[in-house]
Amino acid sequence: MLPALFAAASVALAIVLSAVEARLVLPLGGILPSGPAGARALLSSIITAMISFTALVFSITVVALQLFSSQYSPRALRTFLQDRGIQVVLGTFVATFLYSMALLATLPDSAGTRLPELSLTISIVMVLISVAAFIYYLHHMTTIMRVSHVIASIGAQTRRSVHRHLDPGEGGPATGPLGPVEQVLTAPGAGVVTTTDLPRLAAVADRRRCVLVVVPLPGEYVVAGAPLLRVHRAGHSPPLPVRPDEVFTAIDVGPERAPGQDIGFGFRQLADIAERALSPGINDITTAVRAIQEMHDLLRRLLQRSDGPHVVRNSTGEIRALMRRQSYESYLTVAIDDVRHAGQGQPRVLRLLASVLEDLAADAPARYRDAVDRRRTPDAG
């Protein structure tokens, strides 16, 4: 989207300047070309150079994506593709190219006509900005391709998700059992549940006098025809029927997991990096240790967060929507069990995992202590 906005803005700028250029008189005769032929040569050179720049950047990006996927994890590509620096550089190159193209089309043919001095000046300035952006791009690529930067970015993104979706004390267990199931809404298609708008579901449930329960966890794959929502009776009388079009728009189902409500996706990415680093083909123990350290920080933060269901109530305190959360046990399974299995025979990794569990056990609340203690036994994993 960002490069597209740059491109649209550059074309709009060329059009606006062509409309107001006749009213402006700038003393740039000694800097700009003296006639239409020189201006065309200048713009043609800019267009050719920007095409080369853009092709080079795309080539470097594609190669970087291939190395990124094979060296770290295909699931970590999202962090790379969402980088704003790369998007701004590509947008700058495309904007300079399109602006010069639009300006070239508006140049006068006769030698006696005054040239659009301001427009030509802006094209030169955009070229200088593009050169600076290219130098920045070369430096930026070498920075974001470092494994420490990748792991830190995934950790920071997961911490933001934890802070946003797992506030302390939020979403405690529902008070009392739910009523009987009156209706089951099945998934219209297959995919991974990425985001659920629970307040929107609660508003529908309030109108229909029922309780809506989301069946799959965030990040789980649901097949077409599998239960997606259960409609529970909220009182003594049966609820009004819930139409699928009312609720399906509140649940996003995509082809892959995404950060946000799916807290475990961050652990999955970090565990993938650690497991790939521990494979015989790579054997990079330091990278695995760095990924474990990042997961250690996340596990400590989650000790003070609730993994109970997320409950939304109406104005009178009645439960209207409910969604289960991923359990602390599931985070430990990915961060400890999976990595420990891949790190068998690596004393440095096993010692680090043992120290992580010792640290977690020291501060783990009662609800999580059993899951941590079971992994501290000698035969754990």
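The values are calculated or read from the model by the stated rules, or taken from the named source; none is laboratory data. Remember, predicted model here, so these are calculated numbers, not experimental data. Here the Cβ positions follow ideal geometry from the backbone for every residue, glycine too, while neighbour counts run over all protein chains shown. Accessible surface is based on the protein model in full, side chains and every heavy atom, while ligands, DNA and RNA are left aside. Shrake-Rupley method; radii C 1.70, N 1.55, O 1.52, S 1.80 Å.
In the stretch 78-89, the residues that are modelled with pLDDT of 75 or more reach residues that are assigned to a helix (DSSP H, G or I) and hydrophobic (A, V, I, L, M, F, W, C) with C-beta atoms within less than 7 angstrom, at least six apart or across chains, in these pairs: Asp83/Ile144; Gln87/Leu2; Val88/Leu2; Val89/Val57; Val89/Ala133. Counting only helices (runs of 4 or more DSSP H) that fall entirely inside the stretch 56-162 and contain at least 2 residues that are open to solvent by less than 20 Å² (accessible area, probe 1.4 Å) and more than 17 Å from Pro3 (Cβ to Cβ), the qualifying elements are 117-144. Just so you know, in the stretch 257-273 the residues that are part of a helix (DSSP H, G or I), out of contact with any Phe, Trp or Tyr (no Cβ under 7 Å at 6 or more places or on another chain) and of a type in the set (Gly, Ala, Ser) include one that is farthest from His341 (Cα to Cα), and it is Gly266.
Assessment of the stretch 312-327 against the conditions (open to solvent by 30 Å² or more (accessible area, probe 1.4 Å) and farther than 29 Å from Arg200 by Cβ) yields no matching residue.
Conditions tested, residue by residue: (1) at pLDDT 90 or above; (2) of a type outside the set (Val, Ile, Thr).
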residue: Gly345; (1), (2): no, yes
residue: Leu352; (1), (2): yes, yes
residue: Val356; (1), (2): yes, no
residue: Ala362; (1), (2): yes, yes
residue: Asp373; (1), (2): yes, yes
residue: Pro378; (1), (2): no, yes
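This table checks each residue for (1) among the polar types (S, T, N, Q); (2) at pLDDT 95 or above; (3) farther than 28 Å from Ser330 by Cβ; (4) open to solvent by 10 Å² or more (accessible area, probe 1.4 Å).
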{"position": "Leu178", "(1), (2), (3), (4)": "no, no, no, yes"}
{"position": "Val223", "(1), (2), (3), (4)": "no, yes, no, yes"}
{"position": "Arg233", "(1), (2), (3), (4)": "no, no, yes, yes"}
{"position": "His236", "(1), (2), (3), (4)": "no, no, yes, yes"}
{"position": "Pro244", "(1), (2), (3), (4)": "no, no, yes, yes"}
{"position": "Gln269", "(1), (2), (3), (4)": "yes, no, no, no"}
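Looking only at residues in the stretch 338-359 that are open to solvent by less than 30 Å² (accessible area, probe 1.4 Å) and among the aliphatic types (A, V, I, L, M), the one that is nearest to Asp373 (Cα to Cα) is Leu357.
If you check Gly219, Gly189 for being crowded, with 19+ Cβ neighbours inside 10 Å and in a loop (DSSP other than H, G, I, E, B), only one passes: Gly219. Of all residues in the stretch 232-259, those that are more than 23 Å from His163 (Cα to Cα) and hydrophobic (A, V, I, L, M, F, W, C) have Cβ atoms under 8 Å from Cβ atoms of residues that are open to solvent by 70 Å² or more (accessible area, probe 1.4 Å) and assigned to a helix (DSSP H, G or I), 6 or more apart or on another chain, in Leu240/Arg207.
In the stretch 305-322 there is no residue matching the filter, namely being closer than 16 Å to Thr158 by Cβ, touching a helix residue (DSSP H, G or I) at 6+ places or on another chain (Cβ under 6 Å), small (Gly, Ala, Ser) and modelled with pLDDT of 90 or more.
Residues considered: Ile151, Ile129, Ile122. Of these, the only one that is of a type outside the set (Gly, Ala, Ser) and touching a Lys or Arg at 6+ places or on another chain (Cβ under 7 Å) is Ile151.
Here Arg209 fits the description: open to solvent by 40 Å² or more (accessible area, probe 1.4 Å), at positive phi and either more than 25 Å from the chain's Cα centre (by Cα) or of a type outside the set (Asp, Glu) (or both).
Residue-by-condition table, conditions (1) within 26 Å of Val150 (Cα to Cα); (2) assigned to a helix (DSSP H, G or I):
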position	(1), (2)
Glu275	yes, yes
Asn283	yes, no
Gly308	no, no
Gly317	no, no
Leu322	no, no
Ser330	yes, yes
Arg367	no, yes
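Looking across Ala288, Ala335, Ala371, Ala362, one residue alone is part of a helix (DSSP H, G or I) and open to solvent by 50 Å² or more (accessible area, probe 1.4 Å). It is Ala362. Whether a residue is of a type outside the set (D, E, K, R), under 17 Å from Leu107 (Cβ atoms), at pLDDT 85 or above and open to solvent by 40 Å² or more (accessible area, probe 1.4 Å) was assessed, and Ser45 passes this test.
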